[in-house]
Amino acid sequence: MKKSDIYRLLMAGAILVVLLNTWMAWRSLSKLFTTQGWLSQTLDVLSHTESLALNMRTADSAVRGYILTGSPAFEKQYHASSQGVYAEIDEVQRLTADSESQQQRIAYLRTRVAAKMGTLDSANALRSGNSSAGPIEPNLLEPLLTDYPGGGQSVAYAISQIEAEEHRLLIERTRETKNASKEVWISFIAVSLLDILLIAAAFEQLVRAHRSHLQIAEDAASIEALNNELTRVNTELEGRVEERTQELAESNQELEAFSYSVSHDLRAPLRTIDGFSLALMEDFSDKLNDEGLDYIARIRNGVQRMGMLIDSLLQLSRVTRSEVHRERVDISQLAKLVFDELTASDHDRAIVFVAQPGVLAQADPRLVRIALENLIGNAWKFTSRTPEGRIEFGSDVREGRTVYFIRDNGAGFDMQYVDRLFTAFQRLHGDRDFKGSGIGLATVSRIIRRHQGSIWAESELGNGATFFFTLAA
Ligand SMILES: Nc1ncnc2c1ncn2[C@@H]1O[C@H](COP(=O)(O)OP(=O)(O)OP(=O)(O)O)[C@@H](O)[C@H]1O
Ligand SMILES: [Mg+2]
């Protein structure tokens, strides 16, 4: 699981806990409000029962006052109070509608009040009936004013029963209210603590995010600085490489020019030596003994060898200097031409040449011809001691590239020296066995390189050799 997913999960969990806690706080609060409602209702009931008792006492004393004085003010007071009594009973009944037991007590209270009011009404009527006969003897009225008319408990007792129940409820509800408010406090503290924790966690995350943001910005800045430094060093290096390449190209050109002019200039004195040694041999042969003639023959041999060497060097130099002009070349045909020329120069050789027909390439025909002259020339030379000499030319496709090859069944060479083959003046065979200057393959290698191709060889001493090359176009 990813780090961001874990954070999201934790956040969702925290929000859930907060919601749960809020719900619990809301529940305790609503419980508190309910119990508070109940409490105030109980207090209401109690205040109305008080008022009921007061009205009852007032009615009682008003009747007594009226009996004693006959004053209509007392009678009026009596009526007002008795009305008040009934109004309060109605109110108490309404307020305790939810309690069956209180309703029963109120019903009983009503019967007690009705009985008491009945006696009070009768006393009142008696007094008003005797208004002209003067004050009535109070003792006669006493039974009428008793608090227990018709047997049973007094009104005060009935009220006290209701009040006792309300007091019990009061205690109970006060306890409930206290509990509810305690719950509210606990919920409030829990929610607050949780909120503080959440805010702290969120703050911590924020600080961390800010820090990593700063770190990223710092890293980006240092990466950019490194990048700039790298670009600067790169540019400097590129400049240096260009400079060195230029210097190298110049010195190469100088070297080429030098070797060309040396080779070229060497030819004139060589021609002189060649010409005069020939003249010496022809014109003065009768004056020279055999030893002298042998010396002259050796001089001429060396001169011819040197001429060949110079020619090879000149060719190598020309190959490097000349431009490459690519065009469609039929290499099979060119190979055949080279082979025919070699046969023309040496009719005695019985050798088989097999060329795969129609092998084409996009290359410089003049340069390819020089390369083939050297490769087929080598094959021709190194099969000179093989009884049934055979030279083969063909092409193959390897890893999407066309690979050309020239194979022979001649002397071959030891593969451990294969790296030396394409370096100038490196020969793997002695001059006695096979003549040569060791420049041919160096020339071929340059031609191939100028075509962006590559050249390599495979061989086994005494078992012929195969030279492969490509000509990237
Ligand atoms: N077909 C081949 N079979 C065996 N050895 C070869 C063959 N071709 C080249 N070599 C070896 O590679 C050496 C270098 O070849 P390279 O053509 O450069 O020189 P060379 O033929 O000796 O002289 P040059 O070609 O300059 O007259 C040869 O001397 C020979 O030892
Ligand atoms: Mg050669």
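Given the options Glu75, Glu88, name the one that is open to solvent by 50 Å² or more (accessible area, probe 1.4 Å) and acidic (Asp, Glu).
Glu75
Can you tell me which residue within segment 213-272, out of those that are hydrophobic (A, V, I, L, M, F, W, C) and open to solvent by 100 Å² or more (accessible area, probe 1.4 Å), is farthest from the chain's Cα centre (by Cα)?
This residue is Phe258.
Select from segment 359-379 the residues that are of a type in the set (Gly, Ala, Ser) and farther than 11 Å from Leu334 by Cβ and write down the one among them that is most open to solvent (accessible area, probe 1.4 Å).
Gly377
Among the residues of segment 380-404, write down those that are open to solvent by less than 40 Å² (accessible area, probe 1.4 Å) and either under 15 Å from Gln356 (Cβ atoms) or in contact with a Leu (Cβ under 9 Å, 6 or more places away or on another chain) (or both).
Trp380, Ile391, Phe393, Gly394, Ser395, Val403, Tyr404
For the condition without any contact (Cβ under 8 Å) to a residue 40 or more places away in the chain and in a helix (DSSP H, G or I), what is the one hit in Arg64, Arg57, Arg105?
Exactly one of Arg64, Arg57, Arg105 is without any contact (Cβ under 8 Å) to a residue 40 or more places away in the chain and in a helix (DSSP H, G or I), namely Arg57.
All but one of (1) loosely packed, with under 13 Cβ neighbours inside 10 Å; (2) under 23 Å from Ser263 (Cα atoms); (3) more than 16 Å from ligand 1 (Cβ to nearest atom) hold for Arg300; which doesn't?
(1)
Where residues in segment 416-473 are among the hydroxyl-bearing types (Ser, Thr, Tyr) and away from ligand 2 (no atom under 16 Å from the Cβ), which of them is surrounded by the fewest Cβ atoms within 10 Å (Cβ to Cβ)?
Ser454
Residues in segment 405-413: is at least one open to solvent by less than 60 Å² (accessible area, probe 1.4 Å), more than 16 Å from ligand 2 (Cβ to nearest atom) and under 13 Å from Leu375 (Cα atoms)?
Yes, segment 405-413 has at least one match.
Looking only at segment 342-356, count every residue that is free of Cβ contacts under 8 Å to residues at least 12 places away in the same chain and open to solvent by 70 Å² or more (accessible area, probe 1.4 Å) and tell me the total.
Total meeting the criteria: 3.
Have a look at Val45, Val63 and point out the one that is touching a helix residue (DSSP H, G or I) at 6+ places or on another chain (Cβ under 8 Å), aliphatic (A, V, I, L, M), at pLDDT 90 or above and in the same structural domain as Glu163 (by TED's automatic domain parsing).
Unique residue meeting the criteria: Val45.
Over 51 Å from the mean Cα position of the chain (by Cα) and touching a residue at least 40 places away in the same chain (Cβ under 8 Å): does that describe Ala472?
Considered against the rule, which asks whether it is over 51 Å from the mean Cα position of the chain (by Cα) and touching a residue at least 40 places away in the same chain (Cβ under 8 Å), Ala472 comes out as no.
Taking the condition of being away from ligand 2 (no atom under 16 Å from the Cβ) and in contact with an Asp or Glu (Cβ under 8 Å, 6 or more places away or on another chain), how many residues in segment 357-385 meet it?
Residues flagged as away from ligand 2 (no atom under 16 Å from the Cβ) and in contact with an Asp or Glu (Cβ under 8 Å, 6 or more places away or on another chain) within segment 357-385 amount to 7.
The values are calculated or read from the model by the stated rules, or taken from the named source; none is laboratory data. Only a predicted model underlies this, so the values are computations on that prediction, with no experimental measurement involved. Cβ atoms come from the backbone with ideal geometry, glycine included; neighbour counts cover every protein chain shown. Note: accessible area is taken over every heavy atom of the protein model, side chains too, but ligands, DNA and RNA are not part of it. Shrake-Rupley method; radii C 1.70, N 1.55, O 1.52, S 1.80 Å.
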